[in-house]
Every structure is written in C-alpha cells, then in structure tokens.
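Visitor: Please find one structure pasted underneath; my questions will follow.
The values are calculated or read from the model by the stated rules, or taken from the named source; none is laboratory data. Just so we're clear, the structure is a prediction, and the values are computed from it rather than from any experiment. In this analysis, Cβ positions are derived from the backbone assuming ideal geometry, glycine residues included, and neighbour counts consider all displayed protein chains.
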Amino acid sequence: MKLAPREVDHLLLHQAGFLAQKRLARGVKLNAAEATALIATQVLEYIRDGKTVAELQDLARQMLGKRQVLQGVPGMLSLVQVEGTFPDGTKLVSVHDPLNQEDGKLDLALYGSFLPVPDLKVFAGDDPVEFHGEPGCVTVGKGDITINKGRPSTDLVVTNKADRPIQVGSHYHFAETNKRLEFDRGLAYGHRLNIAAGTAVRFEPGESKTVNVCLIGGSKEIYGGNGVGSGKYEEGKRAQVVKKCVAEGFLHKEQAIEQKKKKAKAEVTMGRELYAEMNGPTAGDKIQLGDTGLIAQVEKDYTTYGDECKFGGGKVLRESMGQMSGGDPAEALDCV
C-alpha cells in the first residue's frame, strides 16, 4: 500500500477527529482543536459518500452547537477548511461560522463512527451566552491606519479592452499589467495600486475607471511581471519601458496633460478593526493572552503600513516581500 503525503495527513486528521467523536459521545465538551478535527473529518467522510460542496457546507454547519464546545471556542472557530477528492477532482471545502446554533445535530457529528449519540441534556449545564473576551481577542486602538504614507501618487485612467474581467493585485507593477488594459504605461512605470496589501481592483469588459497608483517602496527593484520593466526603478527608463510595452503589444494611451496635472486623491486610510482582521494587531492594539486575564499591548510595529506580506486576491509575495531574486544562500533566511 502506497499513500501520498496528503493521504497520510488525512489519516492523522481522522485520528484526531475520531478521538473528538469519542469524547463527544460520552458528553465531553470539545475544545477548538477537537471541534475543528471533528468537522473536517466528517466533511471528508461525506465527500466519500458522494455529497456535493454545497451539501457539505450545509451539513457541516449543523454538526455542533455552542453547547457542545467549551466556552470561548465559538469566537475562535469562524472557519474550517479541508481539501477532499471529489469525482471531478480535488476541491477545498470552506465552512464559515460552523458553530452558529445552540445545539448541533449529533447524529451528523457521529455519522459513520458507530458511537452512541448522547442526549443533548448532557451538554445543558451552561447557557451558550455570548462570551466577551474570547481567548486571544484583540482590542484595537484609536484612530485609523494610513497606508503608503508619504508615497508620491497619481491618478490613472484605465480601460479594459478585453472581452473578460481583468483583476490586478495591490503590488503588481502596474505598467506591466494585462496587455488588454489601455492606459498611460509611462505614467504607471514604477508604480502600483494605492490600495491595501492583498486586495485587488477588478476591471469589467469595456469598463473605464480612474485608479490611484503610488510609487513602489523598498529598494525599488522590479522583477517578474511581464519582464518589460525589470531592474532598478529610474525615471530615465520611462520612455524605454513604454517603447518595449508597445513593441510587445501592450495597449498604451498617453494621458492628457490636464489629467496628469490633476491632483491625486488624499492619503488612503483603513479602520483599525479592518486592519487587525486583515493583518493582525498593530501598535496601540491590545491582545488577551489565551484565556488568561493577561493583556499585552503592541508598542511598536516594524511593518510599513501598506506593504504587508499577504497572500490573497492581490498576492504580494514578490521581490523584497517574502522572497528575493538573485540572492545566494548566505543571504536567505532559514526561517520566517
């Protein structure tokens, strides 16, 4: 018998899930790891039985309730994800807000285990009241976060000439974006979208919109993209980059002088709650340490706001942000 690494991982998950089922069957309230393992294990079992992704998402949200887990767990467990093999390939199943009711349907939670389904009365000791101060909860500081502060920025008029939507991530060198986007490539050289790291802007077919772009940060070395603007950013390279873009079929339309001179929008800000949700706590925020009464406050954040290393709709794992091109092993980090 030969098992792929992913299959070995699933066997380990099954062991954790079955242990959680045995504890649930004897009336023990589950902790966060046990609840996660049980839900993920059952999703895999239902996948094996031929359930669809939509059916799985519905079933998984019914398995456990707030009474079947320890106090504080519902606030910690907002999402459970597990990858399984369907008849048409491998898919990731995402279960949002899995502990959304007072009591779960324990026959679903114990399906296939052949364990006895306990009476819900054994979990009725505590009311599932909203528990304020969840383990690890973050209390944000006052004021907003300004991203890309002090960076020169400009407005670009961009038109999508393609027959399908085009999405551009936050840190992609904008001058090298999709050939079917028409805008002033010279004005965009050395710039990227002035939006939160990890987010993106979508251009619908035929749509024309104005976006704000800011100068790239760090050492201003450009790699990747479509290879038309690679190397150190220098103002003198602007005409050369435009010429190369046009030669390779990128749509280019020089922006009118009055539009170039038009004042760009004010600095971009983010609410602290949104920032903490996307990037974690920052300077001025307070974090409860586990389920203790200890509170830690972040005194300094070495992050440059707007240049956070993110993976999402607008991936930012690019040069100098989580990776480095052209370096030797002696310069590379052993662990991040």
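Visitor: Quick one: in segment 284-310, of everything that is part of a loop (DSSP other than H, G, I, E, B), charged (D, E, K, R) and closer than 30 Å to HIS171 by Cβ, which residue is modelled with the lowest pLDDT?
Guide: LYS310
Visitor: Further question: Checking GLY224 against (1) touching a helix residue (DSSP H, G or I) at 6+ places or on another chain (Cβ under 7 Å); (2) outside any helix (DSSP H, G or I), which single condition isn't satisfied?
Guide: (1)
Visitor: Also, I was wondering about something else. Among the residues of segment 64-78, write down those that are assigned to a loop (DSSP other than H, G, I, E, B) and within 18 Å of the chain's Cα centre (by Cα).
Guide: LEU77, SER78
Visitor: Only residues that are within 15 Å of VAL82 (Cβ to Cβ), within 26 Å of the chain's Cα centre (by Cα) and not in a helix (DSSP H, G or I): list them for segment 12-51, please.
Guide: The answer is none; no residue qualifies.
Visitor: Restricting to segment 35-78, and then to whatever is over 24 Å from PRO118 (Cβ atoms) and among the hydroxyl-bearing types (Ser, Thr, Tyr), can you tell me which residue is modelled with the lowest pLDDT?
Guide: Across segment 35-78, the extreme among qualifying residues is SER78.
Visitor: Let me ask you something else. Any chance segment 60-77 includes a residue that's free of Cβ contacts under 8 Å to residues at least 24 places away in the same chain and β-branched (Val, Ile, Thr)?
Guide: Among the residues of segment 60-77, not one is free of Cβ contacts under 8 Å to residues at least 24 places away in the same chain and β-branched (Val, Ile, Thr), which makes the answer no.
Visitor: Residue by residue through segment 201-229, note down the ones that are surrounded by fewer than 18 Cβ atoms within 10 Å (Cβ to Cβ), of a type in the set (Gly, Ala, Ser) and closer than 18 Å to ASN178 by Cα.
Guide: Hits for segment 201-229 are GLY206, SER208, GLY224, GLY225, GLY227.
A quick yes/no check of all residues on (1) over 30 Å from CYS214 (Cβ atoms); (2) at pLDDT 95 or above; (3) in a helix (DSSP H, G or I):
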| residue | (1), (2), (3) |
| --- | --- |
| VAL80 | yes, yes, no |
| VAL95 | yes, yes, no |
| GLY104 | yes, yes, no |
| SER113 | yes, yes, no |
| LYS121 | yes, no, yes |
| ASP127 | yes, no, no |
| PRO135 | yes, no, no |
| GLY150 | no, no, no |
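Visitor: Right, another one. If only one of LYS105, LYS121, LYS161 is out of contact with any Cys (no Cβ under 9 Å at 6 or more places or on another chain), farther than 30 Å from TYR275 by Cα and without any contact (Cβ under 8 Å) to a residue 12 or more places away in the chain, which one is it?
Guide: LYS121
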